[in-house]
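Novice: Okay, handing you the structure first.
The numbers here are math on the coordinates, done by the rules we state, and not lab data. Note that the structure is a prediction, hence the values are computed from the model and not measured. Note that each Cβ is placed from the backbone with ideal geometry, even for glycine, and that neighbours are counted across all protein chains shown.
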Amino acid sequence: MNRKHVEDWLAAYEQVWRTPGTDALVTIFTADASYQQGPYWTPVVGLPAIAGIWEKQRKGPDEVFQMTTDIIAVDGDTAVSRQEVRYGDPVEQEYRDLWVMRFADDGRCRSFEEWPFWPGQQPAEPSDGS
C-alpha cells in the first residue's frame with residue numbers, strides 16, 4: 001500500500017458516495033468488509049449492511065457537499081486520513097473526521113473505522129484537580 005493508492009481510494013469513495021445506488025460499493029470494499037461509524041459503535045459487516053448505512057444517511061447523488069482529504073499515515077495495509085466534509089450551500093453541517101482504513105491485497109478496503117467530530121461537540125468536563 002502506498003499514498004497514491006490511498007489517495008485514489010479516497011477519491012473513489014467520494015465518487016461512489018455521489019453515485020446513485022450502492023452497486024459500486026463492491027469496487028471499494030471487500031464483500032466481508034467491516035464499517036464502523038464511531039470508535040465505540042458496533043461495526044456493520046458485509047456489503048449489504050454497508051449499503052444499508054449509505055442509503056439511510058445519504059440525501060442522494062445530488063447532495064451538495066465538499067470533502068477535503070489529508071492523508072496522515074500509510075503503514076503496510078493500514079492508512080489514516082483526516083477528512084473535512086461540509087454539507088449544503090450554505091453549509092448546514094460539517095465534520096472533521098479521522099478515517100482508519102485497512103486494505104486487502106486486491107486494494108479494496110476490508111476494515112473502515114471513522115472518528116467523527118463536529119462543531120459544538122465538547123469533550124468531557126476537565127477535572128478541577130480536587
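Novice: Would you mind ranking M101, M1 by Cβ crowding within 10 Å, fewest neighbours first?
Specialist: Exposure proxy ranking, most exposed first: M1, M101.
Novice: Enter the angle in degrees (range 0 to 90, nearest 10) between the Cα long axis of helix 3-17 and the first principal axis of the Cα atoms of the chain, meaning the one along which they spread out most.
Specialist: Rounded to the nearest ten degrees, it is 90.
Novice: State, as an integer percentage, the relative contact order of region 3-117 based on alpha-carbon contacts under 8 Å between residues 6 or more apart. Each step should come with its number before you reach the end.
Specialist: Details: 202 pairs, mean separation 30.0, N = 115.
Rounded, it is 26 percent for region 3-117.
Novice: Given contacts defined as C-alpha pairs under 8 Å and at least six residues apart, what's the relative contact order of region 39-95, whole-number percent?
Specialist: 24
Novice: Please give me the summed charge of the neighbours of P43: other residues whose Cβ is under 13 Å from its Cβ, Lys and Arg +1, Asp and Glu -1.
Specialist: Here the charged neighbours net out to -1.
Novice: Treating the angle as unsigned and between 0 and 90°, give the value, to the nearest 10°, between the Cα long axis of helix 47-57 and the longest Cα principal axis of the chain.
Specialist: The angle comes out at about 50 degrees.
Novice: If we count other beta carbons within 10 Å of each Cβ, what is the order of E55, E7, fewest first? Don't skip to the end; give the middle numbers.
Specialist: Details: E55 11, E7 15.
The most exposed by this proxy come first: E55, E7.
Novice: In debye, nearest 20: dipole of the chain around its Cα centre with unit charges on the Cβ of K, R (+) and D, E (-)?
Specialist: Numbers: 12 positive and 22 negative charges, 38 e Å.
Once rounded to the nearest 20, the dipole reads 180 debye.
Novice: Also, I was wondering about something else. Could the peptides 73-80, 27-34 be put in order, highest first, of the mean number of other beta-carbon atoms found within 10 Å of their residues?
Specialist: Highest to lowest by the protection proxy: 27-34, 73-80.
Novice: How big is D, in µm² s⁻¹, for region 3-117 by Stokes-Einstein at 4 °C and 1.567 mPa s if Rh is the Kirkwood radius over C-alpha pairs?
Specialist: Working: Rh = 14.4 Å.
Result for D is 90 µm²/s.
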